[in-house]
Amino acid sequence: MNLRRRLLWALGLGWGATPALFAQHVPQEQLLQPYVGVNAVQKGRVKLEIARLADNGFNVPLKVSVASPMTAQDHVRRLLLLSDRNPRPLIAAFEFGPSADQVLISTRVRLGGSQTVYALAQTSDSMWWLDTAEVEVTESACLDQT
Amino acid sequence: MLSLNVNGVNHRVDVEPEMPLLWVIREQIGLTGTKFGCGIAQCGACTVHVNGEPVRSCSFPVSNAVNQKITTIEGLTSDSSHPVQMAWKALDVPQCGYCQSGQILAAVSLLKRIPKPTDKDIDEAMTNICRCGSYQRMRAAIHMAAGTGKGIGSIIHFAGSGVANAKTGIPTDLDIDH
Amino acid sequence: MMHSRLQIIPAKLPNYMTTVRVLIRHPMETGFRFDINGSAVTKNVIHTLTAHFEGKQVFKATLGSGISADPFLEFQVRTPQSGELVLQWQDDAGQRGEAKVRVLLAN
Amino acid sequence: MTTTSMKNQNQGALTRRQFVVSSALASGGLALGFHFPAAAQSNELSTLGGDEINAWVVVRPDDSCVIRIARAEMGQGTHTGLAQLVAEELECDWAKVSLQTFTPGQNLARKRVWRNMSTGGSRGIRESHEYVRQGGAAARIMLLQAAAAEWKVSVNDLSVEKGVVTHAASGKTTSYGKLASQASKLPAPDPKSIILKHPRDWKILGKSPRRLDTAPKVNGSLKYGIDTVLPGMQYAAIKACPVFGGKLVSFDASKISSRRGVKAVVRVDDHSVAVLADSFWRAKSAIEALPITWDFGANAKESSATIAERLREGLTSTNNVFADIDQGNVTEAIQGAAKKVEAVYGTQFVSHACMEPMNCTARVTSDRAEVWMPSQNAEASLAALSAVTGLPLEKCEAYNPPLGGGFGRRGGTQDYVRQAALIAKQFPGTPIKLIWTREEDMTQDYFRPIGQCRLVAGIDAKGEMVGLHLRVSGQSINAYVSPHNIVDGKDRRQLQGYWKDPGESQLGYTVANLKVEYAMRNTHVPVGPWRGVNTNQNAIYLECFIDEVAKAAGKDPLAFRRNLIKNHPKHLGVLDAVADKGGWDKPLAPGMFRGIAQFMGYGSYTAAIAEVSIKGNDVKVHRLILATNCGHAVNPVQIASQIEGSVAYGMDSLQSESSVKDGRIVEKNFDTYPIARMYQMPKIESVIAPTYDFWGGVGEPTICVVAPAILNAIANARGGKPVRMLPLKNEGLRLV
C-alpha cells in the first residue's frame, strides 16, 4: 500500500470511494513520516537545485548537495529524494559510506505535475536535514487542475 | 523585378512570378495584416482587394497583380474609419481576430457591390472561415455598416435567480453602450 | 543487454574524490503507462545501482519510477589510490548490468 | 546530422538595443494603451512612466491605470475580463484603463508573483478572480492611505469613485495620479484584511464594456506570433513523418539545394526534417520537392476501421474496464424492466484547426535563447525552450503575443516551440521563423480523442428510467500526455460530465441503478485537449440516448429530463431557463423540429434547444438557444460571444472528421475538412442565468450541448431515427 493510498485510507476514503480525479499533494509531515518517524527535521546543510519551471515533467534535471565534513564521526549516511505528488513518493535513495568526502548528486527525474520536491539527508549523528524546491510542471492547461 | 502598387505605394520586388501575392505582401513588402490560413484559397484569411475585387492572395500569383491596384487591410483606411471597421468595433466582432482582416475586406467588397445586402447576400459573399465563430456579429455588423436596420447582433436573455437578484443591482438586461 | 555510458573524472589531490557520471539505456518503465488495448505496461525500472572500489561498496542508489528514462546519475566516490571501480545495476525484470573502469590517480 | 551549410550565418547577430528598436517599430500600430512586450529588455517590467502600486496595478500621473495581465489572450476576451476584475476593486476610471502583459521570465524574476500564466480549461477568470481582485483592492487601500496621510485624516472618512478620492468633511479631493508615488512606498495590506465587493455593489463587473483589444484587430496592426519579424531572419518549413510513430530515415538535400533562396535542409528530430529559406514560400515549395525516406513502422497498418474495431471490443469486454459509478443493481434493474433501450454511439477524431497555424520564431546562441510564439501557456514555452537548448531558464525568454486561436492545441503541447528551438540551435544567432503549412497543422495535431459509447436503459411500466448502464470505450488523453495523472489506473477524466463529484462536471441525473464505466482503448494517433475536451463527446452520448429513452417511454424529452434532474437544482435551473426562453411548449412552423440537451462542464451548467429542418440530405439549423449558469457573469456581452462561438465549434463536432488511413490522417486542409461557415449558422440566442454563488467557466462549457441538441432535433425530423455514428456524412447528411 503506497503512502497516498494509506492517506486515503486514513481519511476514510479507501475502498469503495471514487479515486481523486488528480493525484493530490501529500502534506510534508505525512510525506516524511515513513522515513524520519517522530524525529525532528531541520532546514539546512542540504541544497536542492531544480528549475522553477519544467516542460512536461518527464525529464527534469536536479542537483543536490549536502554540506558535511564526511569524517568517520560526522558524515552523511543517507540522502532521499521525495515527491509530494508523484504516484510513488520516493524518487531515489542514496547511501554513502564514511569514506565519501562530499555529497553532490546530479540526476534527472520525473515529476507528475506541479509539486514540491524534497531532499532529505540523514547524518551519522542520526539528525535529519531538509531542503525543498517548488516546481511548476507546465502540462496541458485544459487538463491540469493545479 | 516586378512592379506592384500596394495601398497606393509602388514597390519593386525581385521574386519568382509564381510566388503567391500573399507572401510578397507579408515578407517582401512587410505588411503582416494579411494572414496565412490554408494556402489553397479555402479560408479567406489572406483576402486582399485587387482593383476593388476580393482575391485570395495565397493562391494568386504575384505576376497577375503587376500593374493592378492592390489594397490590403492596412490600406483600407488610415484611421479604421471605414463603416465596416466602425461597425466591427461597435459590436466587438473579433474574438481571436486572426481572420478579421480578410473578413472585413470581404464585407467591404460585398457592400460595394450590394449596398443593402440581405442575409442571403451575406451568406453568399461571406465565405471566409472564422474558427472562433464570430459569424452572428459579423452579419450584424454588415447590416449596421449598410444601415439596413436588420442587424440582430447578440440576443441576450437574463434568467434564473440572476433575475431574482436584480433588485440588488445585478443587471437584468443588456447594459451596454453598443 | 543494456548499454551504458560511463565517464569518470579521476580524483585530484588532496581530497581523493572521483566523479562518476553514468547514463544507462533503459526505459525505466513506470508501470503507469497503458498500451493500445488499455493494459498497464508492466513496471520495470533499474531499482539498484551500486559502486564498488577495490571490492568495497562506496555508493548505493535505490531508484524508482521517479527517475527518468535512460537514467543519468552523477556522484562522487573516494579513491585514495588507483584501483578498479565497478558499477552494477539490476532492474525489476532481473536484468543486470555492469561497468568497470580503472581509476588512475592523478599526481 | 545532415546539414548543408548556411549562407550568411552571422546575419542575425545584432545587439539587443538594435533589436528592441526595430521591433518597437514593427509593432508601432498597436492601439494606444495596450502594452505587449515584443521583447523585454530585462527581467524588470516597465512601469510605463507611472508608479507601481503593486504587481497588478501601475498608476500614472495623468490618472491612467495600467493593469497587468498574466493570462494568454486567445480570443475569449480573457484580458478584458481580468482587467474588469482588478478595476472593480481598484475603483478607477474604466475609461483610463490600459493593459500590460509581461513575459514568463519577468514572472520568474519576481518569484511568480503573477502566478499561473496559462489560459485553458475555461480557467482564465474562474481560477484567478479572487487574487486579481485582491490585487486591485490592495492597490485601492494603499492609494487611500496615501491620501489619508497627506490630509492627516482617517482612511475611513474617505470615499473614492473613478479614481477621485474625496474627504467629505473638508471637501478636499485628489486623484490617483497624484497619490501614486506616495502609495507605492506604503506596505501592502494584509490580504486577510481585504473584503471584496459584493456583486450587488459592482460597477464595472457584470456590465459589458467593450473589449480593450478590438481596435488593432480591425486594421491589421495586431502582431500575432506568425507576424514576428527579426533582422536576418530565415524561414523554415517542416515535415514530420505522416505516420505517427514513424521515423525519418534520410533525405536528399541535393535535389533542392540549388533552388532559389534555399539555405539549408536540416534534420530536426528523429521524425522530422526542415528546409530553411529566405522566404516561407520558397521553404515550403522546396520541402514539397524534397525526396524523403521514412520508416513508417508498424502503425502504417492502422486505419479508421482497425481503430473502430478496437473500440467496439471495449464496449463489452471484461478486460481493462472500470466502473466509476456502480450503484444499485443495473443488470437486475434492466432485466426486470418493462422495456429495454440500447444504443451504441460513436465520435470521431477532430482537429483544432486554429486559424493561425502552428508557428514559432526562435533565436538561440550559446548563452541566450528566445522564442516568439502563440502559446496558451508562455511558461510552458519557456520551459520547453530551456529543455531543448540546455540553457537555464534565466538565459531564456519567451514572448507571447495574442493567439490566432488556441482551443487546447497550444497549451502543454509545445511541439512547435521545440522544433523551432531545435532548428535555431543549429544556426546560432540566426532568427528562424518556423511556420507549419495547413497540411502539417491538420495532420500533426494532438487530436480530440476518438470514442464509442454503449448505453442500455430499463424503463418501468410508468415510463421511468429505472436503470442505466453506460460504458465509454475510447482513447485516453491522459494515457497519451500524462499517464502519471491516472490515479490507480482509472482514468476518470474520460468520464468528464458523468462524475458524481459536484462542482466541476457533475452528472445531473439521478438514476437508482446506475453504472458508468470506462474501457481505455488507445490508438497510435496523438491526442490532447480540444476545446471542451471530453464533455463534447460525453454530452452527445448521454443526451442523445436520453432522448431515445424518453421516446421509448412515451415522454416529452424536457419533462423526462426534468424528472431525472430534480435532485440537482442548478442543472434544472438552466434546463428550465432554456425551455422558457426557447419556447419549448410553443408550436413550431411545419417542417421544423426541436431538440434539447443539457450538460455540465468547467464548473458551469449549460443547456440548449435547437430548431432544425431537413430537406433531403440537407440539415438546416435555424435557431439555437443556449443557456449557461456560469456563477458570476463578468461581462455578459463577452459571454454571449463565447456562446455564439461555441455554436460554430459544436457544429464542427457534427461535420468534421480527421480519419485515418495507412496510419496517417486523410483530411489535410479545409477543402476536405469542413469548418462551419456563415451560411450554416443559425440565429443564436444566449440565456445567461448566473446564480452568483460560485465561479464557473465560459470559454468551453456551452460547446458540448450544441451537437446533442441538433442531433436530437435531427432525430425528431427523421421520425425518431437517431444519428449515432458521427460525423453526419456517415448518414449521408450535411449541414447547410
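No value in this document is a laboratory result; all are computed from the given coordinates. Model, not experiment: these values are computed from the prediction. Glycine gets a Cβ as well: all are built from the backbone with ideal geometry, and neighbour counts include every protein chain shown.
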Output ³J(HN,Hα) for the range A:73-78: one whole-Hz value per residue in order, computed from phi by the Karplus curve 6.51 cos²θ - 1.76 cosθ + 1.60 with θ = phi - 60°, and x for Gly and Pro.
7, 9, 8, 8, 8, 9
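Magnitude of the Cβ-charge dipole of the protein assembly as shown, K/R +1 and D/E -1, about the Cα centre, nearest 20 debye? Provide the component values of the computation, followed by the final result.
Numbers: 126 positive and 106 negative charges, 118 e Å.
For this selection, approximately 560 debye.
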Distant-in-sequence amide H partners of B:A159 (H built 1.01 Å from N, under 5 Å):
D:I688, D:A689
Quick one: if you stick a label point 7 Å off each Cα along the C-beta vector at A:N59 and A:Q24, how many nm between them?
3.4
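Give me B:M1, B:M19 ranked fewest to most by other Cβ atoms within 10 Å of their Cβ, as a rough exposure proxy. Walk me through the intermediate numbers first.
Working: B:M1 6, B:M19 22.
The order, fewest Cβ neighbours first, is B:M1, B:M19.
How high is the FRET efficiency between D:R110 and D:E130 when r is their beta carbon distance and R₀ equals 25 Å, given to the nearest 0.05?
Details: r = 20 Å, r/R0 = 0.78.
The formula returns an efficiency of 0.80 here.
Assign one of three labels to the range D:335-481, namely rounded, prolate or oblate, based on the Cα gyration tensor with a ≥ b ≥ c the square roots of its eigenvalues; rounded applies when a/c is under 1.5, prolate when it is not and a/b is larger than b/c, and oblate otherwise.
Numbers: a/c = 4.13, a/b = 3.33, b/c = 1.24.
Because a/c hits 1.5 or more and a/b exceeds b/c, the range D:335-481 counts as prolate.
Sort the following peptides by mean Cβ neighbour count (other Cβ atoms within 10 Å, averaged over residues), highest first: D:160-168, D:530-538, D:280-288, D:60-68. Walk me through the intermediate numbers first.
Numbers: D:160-168: 16.8, D:530-538: 28.4, D:280-288: 23.2, D:60-68: 20.3.
My ranking of the peptides, most packed first, is D:530-538, D:280-288, D:60-68, D:160-168.
Arranged by the count of other C-beta atoms within 10 angstrom, fewest first, what order do D:E309, D:E685, D:E644 take?
Values: D:E309 11, D:E685 23, D:E644 26.
The fewest-first ordering by Cβ neighbours comes to D:E309, D:E685, D:E644.
Just round it to a whole percent: the fraction of Cα-Cα distances in the range B:1-41 exceeding 12 Å. Could the numbers behind the result be given before it?
On the way: 490 of 820 pairs.
The answer is 60 percent, as a whole percent.
Please average, across the residues of D:379-386, the number of beta carbons from any other chain that are within 10 Å of each residue's own beta carbon, and give a whole number. Kindly include the intermediate steps, with their values, before the conclusion.
Numbers: counts 6, 10, 3, 5, 12, 5, 1, 5.
Partner-chain Cβ atoms within 10 Å, mean over residues of D:379-386: 6.
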Convex hull (Cα only) mean projected area of chain B, reported in nm² to one decimal:
11.7
Can you work out the PRE-style zone for D:D460? Point 7 Å along Cα to Cβ, and I want the residues of the range D:544-574 with backbone N under 14 Å.
D:564
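With +1 on the Cβ of every Lys and Arg and -1 on the Cβ of every Asp and Glu, and nothing else charged, how large is the dipole of chain D about its Cα centre, in debye rounded to the nearest 20?
Working: 85 positive and 69 negative charges, 176 e Å.
With Lys and Arg at +1 and Asp and Glu at -1, about 840 debye.
Pick out the long, greasy-scoring helices in chain D: whole DSSP H runs spanning 20 Å or more along their own axis by Cα, mean Kyte-Doolittle at least 1.0. Write out the running numbers ahead of the final one.
Details: long enough: D:129-151 (33 Å, 0.07); D:534-552 (27 Å, -0.14); D:636-655 (29 Å, 0.15); D:703-717 (22 Å, 1.91).
Counting only whole DSSP H runs, the qualifying helices are D:703-717.
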How large is Rg over Rh for the protein assembly as shown, taking Rg from the Cα atoms and Rh as the Kirkwood inverse mean of 1/r across Cα pairs?
0.97
If amide hydrogens are placed 1.01 Å from N in the peptide plane, which non-local residues have theirs closer than 5 Å to the one on D:A398?
D:G105, D:V371
Each label point is 7 Å from the Cα along the Cα-to-Cβ direction; what then is the distance between the points at C:S39 and D:D326, in nm?
2.1
The long-range amide H neighbours of D:K263, using H built 1.01 Å from N in the peptide plane and a cut-off of under 5 Å, are D:L276, D:A277, D:D278
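Taking the Cβ of D:A147 as the centre, find all other residues whose Cβ is under 14 Å away and add up their charges (Lys, Arg: +1; Asp, Glu: -1).
Working: positive: D:R140, D:K152, D:K172, D:K178, D:K185; negative: D:D63, D:E91, D:E150, D:D157, D:E161.
Net charge in that neighbourhood comes out at 0.
By how many nm would the segment from D:A168 to D:A338 grow when fully extended, if each residue of separation counts as 0.36 nm and the alpha-carbon distance is taken off? Display every interim value, and only then the final one.
Values: separation 170, 0.36 × 170 = 61.20 nm, distance 7.53 nm.
Using 0.36 nm per residue and subtracting the Cα-Cα distance, I get 53.7 nm.
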Debye intensity ratio in log₁₀ form over the Cα atoms of the range D:585-644, taken at each q of 0.12, 0.13 Å⁻¹
-0.40, -0.46
Calculated FRET efficiency, D:T318 and B:E18, Cβ-Cβ r, R0 56 Å, to nearest 0.05?
0.40
Under the Karplus curve 6.51 cos²θ - 1.76 cosθ + 1.60, θ = phi - 60°, whole-Hz ³J(HN,Hα) for the range D:682-694, x wherever Gly or Pro sits:
x, 6, 10, 10, 9, 10, 9, 10, x, 9, 6, 10, 6
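Within 10 Å, count the other beta carbons around each residue, average over each peptide in D:672-682, D:614-624, D:652-662, and list them highest first. Intermediate values should be presented prior to the final figure.
Working: D:672-682: 20.8, D:614-624: 17.6, D:652-662: 22.5.
The densest-packed peptide leads the list: D:652-662, D:672-682, D:614-624.
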Give me a comma-separated list of calculated 3J(HN,Hα) values for the range B:19-26, in order, Karplus coefficients 6.51, -1.76, 1.60 applied at θ = phi - 60°, integers in Hz, x for any Gly or Pro.
4, x, 3, 3, 6, 5, 5, 6
Can you put D:L179, D:L382 in order of Cβ neighbours within 10 angstrom, beginning with the fewest?
D:L179, D:L382
Once the principal axes of the Cα atoms of the range D:40-217 are found, what is the range along each, listed largest first in whole angstroms?
49, 38, 34
D:V736 versus D:L196: modelled label distance in nm, points set 7 Å from Cα along the beta carbon direction:
5.0
